[in-house]
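The values are calculated or read from the model by the stated rules, or taken from the named source; none is laboratory data. Note that this is a predicted model, so its numbers are computed, not measured. Backbone-built Cβ (ideal geometry, glycine too); neighbour counts: all protein chains shown.
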């Protein structure tokens, strides 16, 4: 008499990831798509190009130490019994202060792929779809040792509200699910936001690192100016970078934009010399983009 096993009667279907693993010995990097709404972050810059205050630098070094030695801590030192798998960090501060670059450099110097999640493709107005989209993404990333970077994370991990109707109840359930799912991810998850207060407190309590990226001070702004200007550019005698750094509160991203504009103008006019007026004009142009007034 032949017994029939219900669990053995179906087809065994492997995911494409594991087909590649068994046939080629490695996982291929996924392409950006609706099924994997994330792009890999890379950078040609180095740690020397990232200008941060000493306290922020120390927090980043602690995070880098976990990326290098987290597996040893969990497995070789036997702390898997008391510590959760994975690591969760919050980067917060004004735009252009180095949050995305820091994530890119962490991947570059620890040999890990960093993927920036396109939150607009994860969030759905249909009930249950946001949770499903995030679950699919995290399932794809599981056991790959990838760093997941959620930029402008407020949209996905924002504060829960008081329940007034069924929509509020579902929204709060959604945040609870996201909290649980991210907490169970076995790699590094970085949430980035302009304001710490925008992130639900339940997430804050579960972060191992909460790192503030402030607007650079005058000394740091001077370093940013020096790092951004190419060697091919000559500064006119009227240019005092120290004075510019003291006077204009630019972020790193602002400074790069100003230098790019000035360099393009010098090439356009077949010149390699920047004047004080050139730089101030470009700074005014940059400030006008965000509604700032000199």
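Among the residues of region 193-209, those identified as surrounded by fewer than 21 Cβ atoms within 10 Å (Cβ to Cβ) and closer than 30 Å to residue 247 by Cα are 194, 195, 196, 197.
Taking the criterion of being loosely packed, with under 14 Cβ neighbours inside 10 Å and either in contact with a strand residue (DSSP E or B) (Cβ under 7 Å, 6 or more places away or on another chain) or not in a helix (DSSP H, G or I) (or both), the residues of region 262-288 that qualify are 269, 270, 271, 272, 273. In the set (1) in a loop (DSSP other than H, G, I, E, B); (2) in contact with a strand residue (DSSP E or B) (Cβ under 6 Å, 6 or more places away or on another chain); (3) modelled with pLDDT of 95 or more, residue 32 fails one condition alone, (3).
Every condition in (1) assigned to a helix (DSSP H, G or I); (2) modelled with pLDDT of 80 or more; (3) farther than 30 Å from residue 218 by Cβ holds for residue 104 except the one numbered (3). Consider residue 106 carefully, then state whether it is in contact with a strand residue (DSSP E or B) (Cβ under 9 Å, 6 or more places away or on another chain) and either surrounded by fewer than 20 Cβ atoms within 10 Å (Cβ to Cβ) or in the same structural domain as residue 190 (by TED's automatic domain parsing) (or both). Judged against the criteria, residue 106 is a match. Summed over region 107-120, the residues that are assigned to a helix (DSSP H, G or I) and either touching a helix residue (DSSP H, G or I) at 6+ places or on another chain (Cβ under 7 Å) or over 14 Å from residue 29 (Cβ atoms) (or both) give a count of 5.
Condition check ((1) assigned by TED's automatic domain parsing to the domain that holds residue 253; (2) out of contact with any strand residue (DSSP E or B) (no Cβ under 7 Å at 6 or more places or on another chain); (3) not in a helix (DSSP H, G or I)) across all residues:
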position	(1), (2), (3)
44	no, yes, yes
48	no, yes, no
56	no, no, no
62	no, no, no
66	no, no, no
74	no, yes, no
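Hey, can you tell me all the residues within region 121-135 that are in a loop (DSSP other than H, G, I, E, B), more than 22 Å from the chain's Cα centre (by Cα) and surrounded by 12 or more Cβ atoms within 10 Å (Cβ to Cβ)?
Result: 127, 128.
Across region 221-237, the number of residues qualifying as part of a helix (DSSP H, G or I) and buried (at least 16 other Cβ atoms within 10 Å of the Cβ) comes to 7. Kindly establish whether residue 244 is outside the structural domain of residue 38 (by TED's automatic domain parsing), without any contact (Cβ under 8 Å) to a residue 60 or more places away in the chain and more than 22 Å from residue 55 (Cβ to Cβ). Judged against the criteria, residue 244 is a match. Of the residues in region 156-173, at least one is touching a strand residue (DSSP E or B) at 6+ places or on another chain (Cβ under 8 Å), assigned by TED's automatic domain parsing to the domain that holds residue 40 and at pLDDT 75 or above.
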